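Just below is one structure, and these are the notes that go with it.
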Amino acid sequence: MTASYDLAIIGGGGAGQMAILRAALNQLNSVVFLGDAKAKKRSRHIWVHNVENIPGMFDLKNPISHTEKEVLNFIASRNELSDKVKTVKQSVTKIQKIEAGFSLEAAGTTYQARYVVLCTGTMDVQPHIQGSIEPVFPYANRGDILYCIRCDGHKTIGKTCAVIGHSTSAGWVALTLKERYQNPKIYVLSNGRPFEGSMEVRELLDLYNIEVFEDPILGINGDPKSHMEGFQLAEQSIAAERAFVVLGSIVHNDLARQLGVELDEREHILTNAKCESNVPGFYAVGDLVSGKKKQVYTAWDMAVDAVDDIDGKLRTQRRKELLDKK
């Protein structure tokens with residue numbers, strides 16, 4: 001017999017953990033899909049080694065993974081909460097809309113839920129250096145190569161910095177670094193692509209003496225165990241102690257696509273103010289939602305809004321059923 005739940009939560013990162021907690025506190029009968037090993041490796045949150053823009057996370061190592069475990073352990077330790085949450089360490093591979101809500105398949109097992117909250121997030125597109133993304137990882141793990149100026153811009157203070165990207169967005173990141181942090185030198189490296197910055201961005205880059213180099217990056221200079229020195233181009237070396245990658249995101253929206261959920265031009269999910277998509281009962285929260293800040297605190301707020309909205313709909317339906325029986 002197929003197990004049936006009030007709510008299915010897919011993903012356990014920053015958005016998912018708050019959805020799980022709120023569902024348990026609201027006493028919703030929930031099934032949580034935390035993802036298999038392959039899915040977790042594709043998740044952005046496991047690459048976040050420290051967070052310095054959210055109170056309470058300053059001293060935590062791998063804070064998003066840490067708080068996910070903390071939430072699950074807290075729920076498991078409370079009898080009044082633990083019986084409301086079933087965790088499945090598998091990925092949902094198939095989802096269908098059915099009369100009773102949704103049918104979800106994970107590792108050959110089928111589950112049913114009246115509502116779904118998707119929290120699968122995004123992953124940053126990595127730059128290729130001589131055909132591989134591998135050279136980036138040691139420096140990204142050290143925190144020399146960064147991805148979010150809102151989270152990590154302050155880490156460039158007093159340091160030379162490169163922005164890797166070819167779009168107008170890459171130009172704006174370089175300009176914002178200069179305006180906020182007054183870095184001694186900033187470069188834009190388009191890595192073999194023509195720079196596509198707008199006329200306004202180009203004029204401001206010239207004004208701020210930010211040079212754009214379109215040559216392919218041939219290597220990263222420095223010691224991956226201790227420090228980054230910059231980037232090797234064909235004819236010269238570019239000095240950079242820090243770098244920001246601005247190449248866009250891979251949006252993990254496969255399940256939303258299966259249901260025909262509406263996406264924006266960047267493939268992020270369109271939702272209403274309560275995070276419900278155009279498919280009734282299917283919600284999305286976190287980085288994969290269109291028009292929202294890609295921040296943990298934003299994801300938490302969206303998760304609370306979504307689960308509370310679902311809770312309200314379930315209670316309204318149950319009240320109606322009770323009144324109909326009178």
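A short reminder: the numbers here are calculations on the coordinates, not readings from a lab. In this text, all values refer to a predicted model and were calculated from it rather than measured experimentally. Every residue, glycine among them, receives a Cβ derived from its backbone with ideal geometry; neighbour counts consider all protein chains shown.
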| task | Determine, from the Cβ-Cβ distance of residue 236 and residue 4 and an R0 of 51 Å, the FRET efficiency 1/(1 + (r/R0)^6), rounded to the nearest 0.05. | result | 0.20
| note | A correct fewest-to-most ranking of 199, 18, 123 by other Cβ atoms within 10 Å would be 199, 123, 18
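Would you mind computing the Rg to Rh ratio of region 126-245 from its alpha-carbon coordinates, Kirkwood style for Rh?
Ratio value, two decimals: 0.93.
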| message | With an 8 Å Cα cut-off and a minimum separation of 6 or more residues, compute the relative contact order for the chain in percent. | response | 19
| task | Looking at the chain, send over the antiparallel percent of its DSSP beta bridges, to the nearest 5. | result | 45
| note | For the chain, cysteines with no other Cys Cβ under 4.7 Å from their own Cβ are listed as 119, 161, 275
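So what is the orientation-averaged projected area of region 36-149, using the convex hull of its C-alpha atoms, in nm²?
Result: a mean projected hull area of 10.3 nm².
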| note | Within region 126-245, the percent of DSSP beta bridges that are antiparallel, given to the nearest 5, stands at 40
| query | Against the longest principal axis of the chain, how steep is helix 14-25, in degrees 0 to 90 to the nearest 10, with axes from Cα atoms? | reply | 20
| field | Two-site FRET efficiency, residue 82 against residue 180, from Cβ-Cβ distance with R₀ of 56 Å, rounded to 0.05 | value | 0.80
| field | the chain: calculated mean residue ellipticity at 222 nm from DSSP helix runs of at least 4, using -39500 (n - 2.57) | value | -9500 deg cm²/dmol
| task | Could you point to the residue in 55, 33, 216 farthest towards the positive end of the chain's charge dipole, with +1 and -1 charges on the Cβ of Lys/Arg and Asp/Glu respectively? | result | 33
| query | For region 168-316, rounded, prolate or oblate, judged on the Cα gyration tensor with a ≥ b ≥ c (square roots of eigenvalues), a/c < 1.5 rounded, else prolate if a/b > b/c? | reply | prolate
| note | Around residue 167 (Cβ within 15 Å, Cβ-to-Cβ, excluding residue 167; K/R +1, D/E -1) the net charge comes to -2
| note | Excluding residues fewer than 8 positions from residue 89 in its own chain, the aspartates and glutamates with Cα under 15 Å of it are 36, 68, 105
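Going through the cross-link list 69/292; 40/94; 97/313; 38/86, which pairs have a Cα-Cα distance over 23 Å in this structure?
The answer is 69/292.
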| request: Could you work out how far apart the two model spin labels at residue 297 and residue 112 are, taking each label as a point 7 Å from the Cα in the direction of the beta carbon, and quote it in nm? | output: 4.2
| On full extension of the chain, what length is gained from residue 90 through residue 319, given 0.36 nm per residue of separation minus the C-alpha to C-alpha distance? | 79.0 nm
| query | Which value in Å is the Kirkwood Rh of the chain over different Cα pairs? | reply | 21.4
| said: Modelling each spin label as a point 7 Å along the Cα-to-Cβ direction, I'd like the residue 62/residue 97 distance in nm, to one decimal. | reply: 3.9
| field | Förster radius 35 Å - calculated FRET efficiency between residue 272 and residue 211 (Cβ-Cβ, nearest 0.05) | value | 0.20
